[in-house]
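Step one of this worksheet: look at the structure below.
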Amino acid sequence: ALDLYRGDFLEGFYVKDDEDFDQWASRKRDAYRKLYVESCYQKLKVRSSFADPSIELLLHHLVELDEFEEKNYQLLMEYYRVHHQLGKFF
């Protein structure tokens, strides 16, 4: 159900002067994002999943979520290697 993830939990929702709500929402947001990323990595562990064309979009989304995580770039480069799309490395 990775397609159901559309972004951060309650993104753009704000309750005025309620710090408790903000902290709760932030914890939930982080937990759901972590769950999503872990689920993506679990799906990517199976190398045969690289045959699925939707994996490239998933990898690009992981890069967008955390552009400083080197593992995401390595997985994307591995996907390109498997599909002989070496020009996309650049």
Discussion item. If I go through segment 29-40 residue by residue, how many of them are of a type outside the set (Lys, Arg) and surrounded by 13 or more Cβ atoms within 10 Å (Cβ to Cβ)?
Written reply: 5
Worksheet entry | Residue satisfying all of: in segment 15-59; in contact with an Asp or Glu (Cβ under 8 Å, 6 or more places away or on another chain) and basic (Lys, Arg); farthest from Leu75 (Cα to Cα) among these | Arg29
Practice prompt. Run down Leu58, Leu62, Leu76 and say which single residue is touching a residue at least 40 places away in the same chain (Cβ under 8 Å) and open to solvent by less than 40 Å² (accessible area, probe 1.4 Å).
Written response: Leu58
Worksheet item: Looking at Tyr14, Tyr5, which one is free of Cβ contacts under 8 Å to residues at least 60 places away in the same chain and surrounded by fewer than 12 Cβ atoms within 10 Å (Cβ to Cβ)?
Response: Tyr14
Fill in: Search result, residues across segment 1-37 that are under 12 Å from the mean Cα position of the chain (by Cα), modelled with pLDDT under 90 and among the aromatic types (Phe, Trp, Tyr)
Tyr5
Worksheet item: Just a yes or no: is a residue in segment 40-51 part of a loop (DSSP other than H, G, I, E, B) and more than 16 Å from the chain's Cα centre (by Cα)?
Response: yes
Practice prompt. Might you check whether a residue that is among the charged types (D, E, K, R), assigned to a loop (DSSP other than H, G, I, E, B) and either open to solvent by 70 Å² or more (accessible area, probe 1.4 Å) or farther than 25 Å from Tyr80 by Cα (or both) occurs anywhere in segment 17-28?
Written response: yes
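The values are calculated or read from the model by the stated rules, or taken from the named source; none is laboratory data. Owing to the predicted nature of the structure, the values given are computational and were not obtained by experimental measurement. Note: ideal-geometry Cβ built from the backbone for every residue, glycine included; neighbour counts use all protein chains shown. Quick note on the areas: whole protein, heavy atoms, side chains included, nothing else; ligands and nucleic acids left out. Shrake-Rupley method; radii C 1.70, N 1.55, O 1.52, S 1.80 Å.
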